[in-house]
Structures are given as C-alpha cells and as structure tokens.
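The values are calculated or read from the model by the stated rules, or taken from the named source; none is laboratory data. Since the structure is predicted, the reported quantities are computational estimates derived from the model, not experimental observations. Every residue, glycine as well, gets a Cβ built from its backbone with ideal geometry; the counts of neighbours run over all protein chains shown.
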Amino acid sequence: MLHTPILAFITVHWIDLVDIVLVALLIYQLYYLIKGTVAINIFIGILLFYLLWLVIKALNMQLFGSILGKFIDVGFIALLIVFQQELRRFLLFIGTSDIFRKGKISKSLFDFKWQAKKESVLDINAIIKACKNMSETKTGALIVITTNNDLKFYANTGDAINAKISVRMIESIFYKNSPLHDGAIIISNNIITGARCVLPVTEHDDFPAHLGMRHRAAVGITENTDAIAIVVSEQTGDISYTKGGDLKHGVTPDMLRDLLEKDFS
C-alpha cells in the first residue's frame, strides 16, 4: 500500500515566492505607516477578520462564509474612509519617492546605499551658526533639508525664495516680526527654495505632549520623505534633529555638526 505525503499536492513556483515577498513588503509598509496610531488597532482587527474568513472558506461553511464575504466586499469602501489619512501618507510616500525618477531605477536596484549623498556640499556652518543664535534668543525655527527628493510639492505650499543659505538669511526669515517666520524653510542643493511652507504633521498618539507643532511637522515630513528636519523651540530654545521620523531632542551645536556632517559631508 502506497502512502502519499500529505503535502504532495502543494506545488511552489518561483512566482509564488515573489508573490509572498511582495505581500509581506506591502503589509510591512502599511504597518510602518500606521504604527503608533489608533489605526493600528483597526488594522489588526481587519487582518484577524480576514484570516477568520479564510478559515471559514477552507472549512466549506457556506452560509457563514457568504455572510462574512459580504462584509469583506463592503469593507473595502469602509477602509477608504477609515484609513484616508494613512492612504494619503502612503501616496505621498510613493509620490515623493526618488526610485522611479529617470535614471534612478537601475541605481536603486543595484545600489544598496539607500540614501545617496548630494553632489553639492551643504553649508553646514551657516545652518549651525543660525541655529545657535536662534537658540540663544529663543527664536522658533523649522528647517527642512532635502536629500534625494527636492520636495517641490511642499516648497510650493509656501513662498518662493531661491536664495543661497546664509546665517543672516535664515535668521531674518524666522525673526518673530517677519511675515515668513511661520512655517518651514526648505533647503535643496544649498538653496533656500521656499519659506512659510506647510508640512504634514505626525499623528502618533505617543508623541511627547510638551512638544509643539513645529516638532510634529518635523517628524511628519521625515516620516513621509527622506528629508532631514531641524527645529529650534520658541519656548525653551532647545534644538532638535529629526531623521526618518526619529526625533533627537536637546541637541547641542556640536552634536548638530556631527549629525549634519554624517548625513551630508
């Protein structure tokens, strides 16, 4: 009597492995976008509901399966409503990604350095000096420095400047009586491309309550793009450095120099 292995009927092709990897990457990216927000609980609930539906189908429970199937069908529209902010962040992430630009696809596939350095050298001294002066006078500031993406979408939300960065230029923009002080400046290729720019804010529930909207915007823009953000607190004069959604608070000018040289030198 011949015995057939239990899993003999399962055949796995290379395209199946690609399918699994792509789904895993998609789920991970969705989790990354919503982790720390109330949406994560909804996401887990929907995922468990879908797994239950798959089990019901596998057991061939037709009545219960058909009822759950109707919820799955209607649930797609509900997802668009419930996760509208997260979907917006995801589309912004794709839209501002540098991967699909001309000449970047092959580089992204074969270059393992995810964040390539800019060809132009950033004037680090001007930024550090301006931040130090504004910290001493408790002048609020939000400085966004681009890396791969020039952030034209966000630069267009403010006023065009197109001026080379300097200590006086940065301090004059954020001077409390300046009409441009509210919002962020965006620096690209050593040029201030825009001032009074509007940025997306982070929606994480665990964000420190004592930090204001500048810090939320700094984390928000670095969550959605590959940019670097520097914040000078108007209340305390403390300097913060943000990269990849990670905020370093209480940064000294020497620490700021080390961080900028590491990312831009």
- request: Please tell me if Gly220 is surrounded by 20 or more Cβ atoms within 10 Å (Cβ to Cβ), without any contact (Cβ under 8 Å) to a residue 60 or more places away in the chain, in contact with a Leu (Cβ under 8 Å, 6 or more places away or on another chain) and more than 27 Å from Tyr31 (Cβ to Cβ).
  value: no
message: Being modelled with pLDDT under 95 and either at negative phi or in a helix (DSSP H, G or I) (or both) is true for just one of Lys138, Lys118. Which residue is that?
response: Lys118
message: So the check is Cβ under 6 Å with 6+ separation or different chains; which pairs have a first residue in the stretch 162-188 that's in the same structural domain as Leu199 (by TED's automatic domain parsing) and a second one that's of a type in the set (Asp, Glu) and outside any strand (DSSP E or B)?
response: Ile165/Asp123; Ser188/Asp150
- request: Evaluate the stretch 124-147: report whether one residue or more is more than 27 Å from Gly244 (Cβ to Cβ), polar (S, T, N, Q) and either assigned by TED's automatic domain parsing to the domain that holds Ala217 or surrounded by 15 or more Cβ atoms within 10 Å (Cβ to Cβ) (or both).
  value: yes
message: Going residue by residue through the stretch 209-228, is there one that turns out to be over 20 Å from Leu247 (Cα atoms), among the small types (Gly, Ala, Ser) and modelled with pLDDT of 90 or more?
response: no
- request: Could you check, for the stretch 200-214, whether at least one of its residues is outside any loop (DSSP other than H, G, I, E, B), surrounded by 15 or more Cβ atoms within 10 Å (Cβ to Cβ) and touching a residue at least 24 places away in the same chain (Cβ under 8 Å)?
  value: yes
query: Can you tell me which residue in the stretch 53-62 is modelled with the highest pLDDT, limited to those that are in a helix (DSSP H, G or I) and surrounded by 13 or more Cβ atoms within 10 Å (Cβ to Cβ)?
result: Ile56
query: Which one of Ile170, Ile127, Ile221, Ile161 is more than 24 Å from the chain's Cα centre (by Cα), in a helix (DSSP H, G or I) and β-branched (Val, Ile, Thr)?
result: Ile170
